[in-house]
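Everything on this sheet refers to the single structure shown next.
The values are calculated or read from the model by the stated rules, or taken from the named source; none is laboratory data. Because the structure is predicted, anything quoted here is derived from the model rather than measured. So basically every Cβ, Gly included, is an ideal-geometry build from the backbone, and we count neighbours across all protein chains shown. Heads up: the accessible areas ignore ligands, DNA and RNA and are worked out on the full protein's heavy atoms, side chains in. Shrake-Rupley method; radii C 1.70, N 1.55, O 1.52, S 1.80 Å.
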Amino acid sequence: MAKRSKRYTPLRLLTLSSAFLLILVTPYLNMRFHFNFIQGWFQSLSIGNLWFVSPLEGLESILTSRSIYGPLLVGMLTPITLALLLGRVFCSWICPISFLSEVTDWIIRLFTRKKHRPFGLRLPRRVFWFALIGEILIALIIGAPIFVFLSPPGLVGREIMMITLFKTIAIEGVVVVIVLAMHVFSKRMFCRYFCPLGALLALIGIKRRLIIEADLDECLKCNMCKRACPLGLDPQKGEGTSPYCWNCGKCTEACKASALAFKWREF
Ligand code: SF4
Ligand code: SF4
């Protein structure tokens, strides 16, 4: 039987906020105090001698430059291992787009005193995979790593750096505004259907160890979990084990019957 789950939202929001704070203050610390122990943002982040590279940007660079740079592969190792074990938790627990989406929801709630209710537009789930394939094909055709320049999570870091160092913003930042505005049509629309990085992380984590287990004997068929899922998944039908699930834990909190819980899948 699935065990009653804890509340994960406070911890997730704390992690998202801390990750955002990291990329917010890093350029300022670099510039004002020459504190260079931490540099970059979530596309390419260095902490001391450790270097973390976003897998999609790394893959794109390898494919478009047709060369393999050893340190780049090492930099991609930690995010890939994380995705292999936990799935696309970068998306729900770290990504600045997720943080800004939570803030956007909170602002809407504050001003309208209502929960944000998007139009509920649904697209076929396979659009997600086409976004990844399309992005890689375009990068190969034009011979340039486009996601390095236009990745919404990366653009957030780049805009913060531009504002801090040059007191200006880059025009590409409009992509972030568009991504956030897409929430009007469906919850986390960009992350659900169009983010090539999210799709790559989902693909890497297709056999991930951490899943959402459903106990159908306990299920009340109330659909509270489905309503709570930011990605429109139906965990009681096993979609918490699907590659699309980003292990945010919201469904487990919404379930009053304790029918859903995180579970480590055995090797
Ligand atoms: S899908 Fe893309 S933008 Fe959305 S949370 Fe994941 S990496 Fe960030
Ligand atoms: S199924 Fe549950 S854990 Fe997975 S994304 Fe939806 S709410 Fe989050």
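Against the condition in contact with a helix residue (DSSP H, G or I) (Cβ under 8 Å, 6 or more places away or on another chain), part of a helix (DSSP H, G or I), of a type in the set (Ser, Thr, Tyr) and closer than 22 Å to residue 209 by Cα, how does residue 101 come out, does it pass? So residue 101 fails the test. Do we have residue 7 as within 21 Å of the chain's Cα centre (by Cα), charged (D, E, K, R) and open to solvent by 80 Å² or more (accessible area, probe 1.4 Å) here? For residue 7, the condition - within 21 Å of the chain's Cα centre (by Cα), charged (D, E, K, R) and open to solvent by 80 Å² or more (accessible area, probe 1.4 Å) - is met. Among the residues of segment 177-186, some residue qualifies, meaning at least one is at pLDDT 95 or above, open to solvent by less than 20 Å² (accessible area, probe 1.4 Å) and either among the basic types (Lys, Arg) or more than 9 Å from ligand 2 (Cβ to nearest atom) (or both). Can residue 12 be described as touching a helix residue (DSSP H, G or I) at 6+ places or on another chain (Cβ under 6 Å), modelled with pLDDT of 95 or more and under 30 Å from residue 252 (Cα atoms)? It is true that residue 12 is touching a helix residue (DSSP H, G or I) at 6+ places or on another chain (Cβ under 6 Å), modelled with pLDDT of 95 or more and under 30 Å from residue 252 (Cα atoms).
Please specify each residue of segment 222-267 satisfying the condition of being within 16 Å of ligand 1 (Cβ to nearest atom), of a type in the set (Phe, Trp, Tyr) and open to solvent by 20 Å² or more (accessible area, probe 1.4 Å).
Residues of segment 222-267 that are within 16 Å of ligand 1 (Cβ to nearest atom), as a first pass: 229-233, 242-250.
Retained after the next criterion (residues that are of a type in the set (Phe, Trp, Tyr)): 244, 246.
The answer is 244, and nothing else.
Among the residues of segment 93-107, write down those that are open to solvent by less than 10 Å² (accessible area, probe 1.4 Å) and more than 7 Å from ligand 1 (Cβ to nearest atom). Listed by number, the residues that qualify are 96, 101.
Here is a check on your reading of the model: is residue 218 open to solvent by 30 Å² or more (accessible area, probe 1.4 Å), in contact (Cβ under 8 Å) with a residue 60 or more places away in the chain and away from ligand 1 (no atom under 16 Å from the Cβ)? In short, yes.
Taking the stated definitions as given, is residue 94 among the β-branched types (Val, Ile, Thr) and under 19 Å from residue 197 (Cβ atoms)? So that I can check it myself, show each step before the final result.
On the way: among the β-branched types (Val, Ile, Thr): yes; under 19 Å from residue 197 (Cβ atoms): yes.
Against the criterion (among the β-branched types (Val, Ile, Thr) and under 19 Å from residue 197 (Cβ atoms)), residue 94 qualifies.
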